[in-house]
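> Structure below; questions to follow.
The values are calculated or read from the model by the stated rules, or taken from the named source; none is laboratory data. Just so you know, these numbers come straight off a predicted model, no measurement behind them. Here the Cβ positions follow ideal geometry from the backbone for every residue, glycine too, while neighbour counts run over all protein chains shown. For the accessible areas, the whole protein counts, side chains as well, though only heavy atoms, and no ligand, DNA or RNA atoms are used. Shrake-Rupley method; radii C 1.70, N 1.55, O 1.52, S 1.80 Å.
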Amino acid sequence: MLRLLDSNPQMSQRELADAVGVSVGGMHYVLKALIEKGLVKIGNFTAAEDKRRYAYILTPRGMLRKATLTRAFLSRKMEEYEALRQEIEELKSDLDDSPARKPS
């Protein structure tokens, strides 16, 4: 969500909800919570013809939180990758050692 807001501050609540897969009401609730936590601020999207449109801008605190979450996600995925790589190597080794593969 923070990454999406960072790269697309002009997205409407409906567009954000569709992108994340939640209801518009759910998105409103999440945005309100992010604003209350100081991670996102609301600004007018001046380029829009409809001046009621808002831009959802990450605050410095929001940028820091996004970076922290990204690091944790990447670390977790690298651990999963390493575990999967080891499992694949073990399976390959088991196949190479199996009697079905050895010539008679």
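> Of the accessible area of the chain, with the probe set at 1.4 angstrom, what percent is carbon plus sulfur?
Numbers: 4510 of 8040 Å².
Ligands and nucleic acids excluded, carbon and sulfur reach 56 percent.
> Starting from 0 in steps of 10 Å, tell me what percent of the Cα-Cα pairs of the chain lands in each bin.
14, 30, 20, 12, 10, 9, 5, 1
> Test of understanding: what is the full-extension gain from residue 4 to residue 76, defined as 0.36 nm times their sequence separation minus their Cα-Cα distance? Please list the in-between numbers first.
Values: separation 72, 0.36 × 72 = 25.92 nm, distance 2.03 nm.
In short, 23.9 nm is gained.
> Here is a further query. Running a GNM on the chain with Cα contacts under 10 Å, which residue among 93, 23, 12 ends up with the highest mean-square fluctuation?
Maximum fluctuation in the GNM of the chain, among the listed residues, is at 93.
> For n ≥ 4 DSSP H runs only, could you compute -39500 (n - 2.57) per run for the chain, divide by its residues and tell me the 222 nm figure to the nearest 500?
Details: 4 runs with 65 residues, N = 104.
Rounded to the nearest 500, it is -21000 deg cm²/dmol.
> A follow-up question, please. Read phi for every residue in region 14-20 and hand back ³J(HN,Hα) as whole Hz from Karplus 6.51 cos²θ - 1.76 cosθ + 1.60, θ = phi - 60°, with x for Gly and Pro.
Values, residue by residue: 5, 5, 5, 4, 4, 5, 8 Hz.
> Could you state the accessible area per residue of the chain in Å², with a 1.4 Å probe and every protein chain left in place?
Working: 8040 Å² over 104 residues.
It amounts to 77 Å² per residue over the chain.
> In what order, largest first, do 66, 92 sit by accessible area if the probe radius is 1.4 Å? Write out the running numbers ahead of the final one.
Working: 66 45, 92 110 Å².
The most accessible residue leads, giving 92, 66.
> Can you give me the angle between helix 60-97 and the longest principal axis of the chain, using Cα atoms only, in degrees from 0 to 90, rounded to the nearest 10?
Once rounded, the angle reads 20 degrees.
> Let me ask another. Angle check, please: helix 24-36 long axis (alpha carbons) against the longest principal axis of the chain (alpha carbons), in degrees 0 to 90, nearest 10.
The answer is roughly 80 degrees.
> Please list, ordered by chain and number, the residues whose modelled amide H lies under 5 Å from the amide H of residue 54; skip anything fewer than 5 residues away on the same chain.
Here 45 satisfy the definition.
> Using label points projected 7 Å from each Cα along Cα→Cβ, tell me how many nm separate residue 32 and residue 57, to one decimal.
2.4
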